[in-house]
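Down below is the structure, laid out as structure tokens.
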Amino acid sequence: MSERNILNLGKAVFGVFFLTGNICLFGYVLTKDFNFADVGFLLVTYGAVFNLLLLAGLMLYGLTNKKKRKPCFQSAGYLIINIPFAILYAIIGWDLVF
């Protein structure tokens, strides 16, 4: 993989999960439709697993390939940005629903 592809992967995964998390949170807040809450909680669960697997893959790839270390760690940094948002959205969603 080229350095640009590695960075774009991290940015794209961050963007997709951040955008879908926002849609679920604000969709529930604005409509009070529990489908948004259900999808949001599933997103947090499965998104955490997916992001952790991708994070581990990027870290391993960066550790084994010294030329790709910097872009792999930068891409992993984008994924780590999602963690506080996921925790915050899970807390807000939990409080709103229950």
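The values are calculated or read from the model by the stated rules, or taken from the named source; none is laboratory data. Computed from a prediction, not measured in an experiment: that's the story for all the values here. Here the Cβ positions follow ideal geometry from the backbone for every residue, glycine too, while neighbour counts run over all protein chains shown.
A few comments on the model shown:
- If you go through the stretch 4-32 and pick out every residue that is out of contact with any Phe, Trp or Tyr (no Cβ under 7 Å at 6 or more places or on another chain) and within 19 Å of G77 (Cα to Cα), you end up with 12.
- Selection within the stretch 8-37: residues that are small (G, A, S) and out of contact with any Ser or Thr (no Cβ under 6 Å at 6 or more places or on another chain). The member of this set that is farthest from L55 (Cα to Cα) is G27.
- Single residue of the stretch 1-59 satisfying the filter (among the acidic types (D, E) and part of a helix (DSSP H, G or I)) that is farthest from K70 (Cα to Cα): D38
- Options V97, V16, V39: the member that is surrounded by fewer than 18 Cβ atoms within 10 Å (Cβ to Cβ) and modelled with pLDDT under 90: V97
Conditions (1) in contact (Cβ under 8 Å) with a residue 40 or more places away in the chain; (2) farther than 14 Å from V97 by Cα, marked per residue:
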position	(1), (2)
K11	yes, yes
D33	no, no
A37	yes, no
N51	no, yes
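- Taken together, the residues in the stretch 73-94 that are surrounded by 15 or more Cβ atoms within 10 Å (Cβ to Cβ), without any contact (Cβ under 8 Å) to a residue 60 or more places away in the chain and not aliphatic (A, V, I, L, M) amount to 1.
- Test result for F36, aromatic (F, W, Y) and farther than 14 Å from F85 by Cα: yes
- Being closer than 16 Å to N82 by Cα, touching a helix residue (DSSP H, G or I) at 6+ places or on another chain (Cβ under 6 Å) and assigned to a helix (DSSP H, G or I) is a property that does not hold for G62.
- Applying the criterion of being surrounded by fewer than 18 Cβ atoms within 10 Å (Cβ to Cβ) and in contact with an Asp or Glu (Cβ under 9 Å, 6 or more places away or on another chain) to the residues of the stretch 42-72, the residue that is farthest from W94 (Cα to Cα) is K67.
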